[in-house]
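As structure tokens, the structure follows; a few thoughts come after it.
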Amino acid sequence: MATTALDLAKVRNIGIMAHIDAGKTTTTERILYYTGVTYKVGEVHDGAATMDWMKEEQSRGITITSAATTTHWDDHTINIIDTPGHVDFTVEVERSLRVLDGAVAVFDAKEGVEPQSEQVWRQADRYNVPRICFVNKMDKIGAEFHRCVDMFADRLGANPMAIQLPIGAESDFKGVIDLVHMKALVWNAEAKLGEMYDTLDIPETHAEAAREAHDKMIETLAEADDEIMELYLEGVEPTVEQIVPAIRRATIAGTAVPVLCGTAFKNKGVQPLLDAVTAYLPSPLDVESVTGHDPKDESEEANLTRKPSEEEPLSALVFKIMSDPHLGKLTYLRVYSGVLEAGTQVLNSVKGRKERIGKIYRMHSNKREEIARVGAGDIVAVMGLKDTTTGETLCSSAQPIVLESMSFPAPVIRVA
Ligand code: GDP
């Protein structure tokens, strides 16, 4: 049973959000499938296991059945939090936005920004969720990458920054130019495992467009990040080592939104998307300390803070309760500070009652893994809680806290 602490800098808690039909499910499935394959290969070094996995994928697809699914990419742990597809200002949507640190917004390359994507975007704005955009369905007739980028500015009020340039479109969508590293990533249909593209020099035919798009990216980045602005004003071309952390800073600050493209359908572009998730979206350490109030303080003034550290007293927020066909009731929670251990007692500070933590599970797309402890910044499912509902805080009895409650717009009361 895993008992070691996670390296928090290598954790990403992300949501995938989209207008219905833009390809959220397909993109998520592709991410889980692809990361599952490589993780499994890395883990067991066994071709047979990989084949089983692939057969399984072909026969029924990898679907998300849990509120949070853990996967791995490039020595990072990625927790994908299921963001409900509907877009009303419901408690459920807001709660899922609250527990994630960053998001991938998926768009249909032909449709661009649709009314529902606008609503989802605004919700993420309310919670200052750092985002990257994935323009999906580049294979579709009528797919237009640049039109989508323009719409992100015009319709969403974002500061979009294309970090890729598509090579071809529709049935001729051959790959992308990575504008950060200035390389062509050309899809490679034969590769079943490993890299699904070849990294090549930028072809002569695309050299000028790539240079222009690179310069535009740097201009946008300069406006979004002071360090790049200084270099820009001095006329110094920033290096990759300067560009990557600057894109990360701008994404986390929300001053620019990196835009990538691909087609989840055929797994084209999903690997560069995963690279962008680990490179640019925040870890729990990049996020501000969580705040809350003492349960005995009737004013409910949020004057307590907890840092994302295992050294701090325990605080965790329950965001979803689901019924698992094998395990029964599972309570999904995010630990914000301290450590939660299986078999221990904690306080539900909202109800003022003690709860005993049963087993703790990390949910993967094809298996669940029992773990003995879970530390700050991580998301897991817990069995055995009897009297705790969504939105409630679990914490240390010695240093209780009620995590800041979320505010919702007042209900509209219609008078006939
Ligand atoms: P969701 O409603 O956002 O979860 O969207 P889905 O993932 O269910 O996809 C909606 C439809 O678009 C399905 O019919 C998918 O097969 C299709 N689709 C998803 N990704 C792509 C893509 O990259 N290209 C094309 N042509 N179709 C896609």
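The values are calculated or read from the model by the stated rules, or taken from the named source; none is laboratory data. All of these numbers come straight from a predicted model, not from anything done at the bench. Quick reminder, even Gly has a Cβ in these numbers, built from the backbone with ideal geometry, and neighbours come from all protein chains shown.
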*Answer yes or no as to whether A302 is out of contact with any Lys or Arg (no Cβ under 8 Å at 6 or more places or on another chain), small (G, A, S) and at pLDDT 95 or above.*
no
_the stretch 347-365, residues that are out of contact with any Pro (no Cβ under 6 Å at 6 or more places or on another chain) and over 16 Å from N79 (Cβ atoms)_ = N348, V350, K351, G352, R353, K354, E355, R356, I357, G358, K359
*asked:* With among the basic types (K, R) and at pLDDT 95 or above as the only criterion, which of R368, R362, R414, R353 stands out?
replied: R353
*Sort out which residues of the stretch 274-293 are over 11 Å from the mean Cα position of the chain (by Cα) and closer than 20 Å to D101 by Cα, and write them in order of number.*
D275, A279, P284, L285, D286, V287, E288, S289, V290, T291, G292
_I'm trying to understand the selection: among the residues of the stretch 371-391, which are more than 11 Å from I321 (Cβ to Cβ) and part of a loop (DSSP other than H, G, I, E, B)?_
A372, A376, G377, D378, G384, K386, D387
*Could you tell me whether P245 is under 21 Å from C133 (Cα atoms), within 16 Å of the ligand (Cβ to nearest atom) and at pLDDT 95 or above?*
no
_Pick from the stretch 270-291, criterion in contact with an Asp or Glu (Cβ under 9 Å, 6 or more places away or on another chain), closer than 16 Å to R12 by Cβ and of a type in the set (V, I, T), ranking: surrounded by the fewest Cβ atoms within 10 Å (Cβ to Cβ)_ = T278
*asked:* A381 - would you say it is in contact with a strand residue (DSSP E or B) (Cβ under 6 Å, 6 or more places away or on another chain), free of Cβ contacts under 8 Å to residues at least 60 places away in the same chain and either within 25 Å of T77 (Cβ to Cβ) or crowded, with 17+ Cβ neighbours inside 10 Å (or both)?
replied: no
*asked:* Is it the case, given these coordinates, that L304 is crowded, with 17+ Cβ neighbours inside 10 Å and closer than 25 Å to I80 by Cβ?
replied: no
_Here is a check on your reading of the model: is V335 at pLDDT 95 or above, of a type in the set (V, I, T), assigned to a strand (DSSP E or B) and more than 30 Å from R30 (Cβ to Cβ)?_
no
_Test for P245: is it within 20 Å of A224 (Cβ to Cβ) and not in a helix (DSSP H, G or I)_ = no
*Filtering the stretch 176-186 down to residues that are out of contact with any Lys or Arg (no Cβ under 8 Å at 6 or more places or on another chain) and in a strand (DSSP E or B), which residue is farthest from the ligand (Cβ to nearest atom)?*
K183
*So, of the residues in the stretch 252-269 that are part of a helix (DSSP H, G or I) and surrounded by fewer than 24 Cβ atoms within 10 Å (Cβ to Cβ), which turns out to be nearest to the ligand (Cβ to nearest atom)?*
F265
*Scanning for something of a type in the set (S, T, Y) and either touching a helix residue (DSSP H, G or I) at 6+ places or on another chain (Cβ under 7 Å) or farther than 29 Å from F173 by Cβ (or both), does the stretch 116-131 turn up at least one residue?*
yes
*Is there a residue being under 28 Å from P245 (Cα atoms), free of Cβ contacts under 8 Å to residues at least 60 places away in the same chain and away from the ligand (no atom under 15 Å from the Cβ) anywhere in the stretch 162-170?*
yes
*In the stretch 119-134, what residues are buried (at least 22 other Cβ atoms within 10 Å of the Cβ) and assigned to a loop (DSSP other than H, G, I, E, B)?*
V129, P130
*Pairs under 9 Å by beta carbon, first residue closer than 13 Å to C133 by Cα in the stretch 16-27, partner assigned to a loop (DSSP other than H, G, I, E, B) and near the ligand (Cβ under 6 Å from one of its atoms), six or more apart or different chains?*
A22/K137; G23/K137
_Residue within the stretch 135-143 that is surrounded by fewer than 16 Cβ atoms within 10 Å (Cβ to Cβ) and either within 28 Å of A207 (Cα to Cα) or more than 12 Å from the ligand (Cβ to nearest atom) (or both) present_ = yes
_Tabulated pairs, the stretch 99-118, first touching a residue at least 40 places away in the same chain (Cβ under 8 Å) and buried (at least 24 other Cβ atoms within 10 Å of the Cβ), second aromatic (F, W, Y) and part of a helix (DSSP H, G or I), C-beta under 6 angstrom, 6+ apart or interchain_ = none
*Could you list, in sequence order, all residues of the stretch 149-171 that are closer than 21 Å to Y197 by Cβ and in a helix (DSSP H, G or I)?*
E170, S171
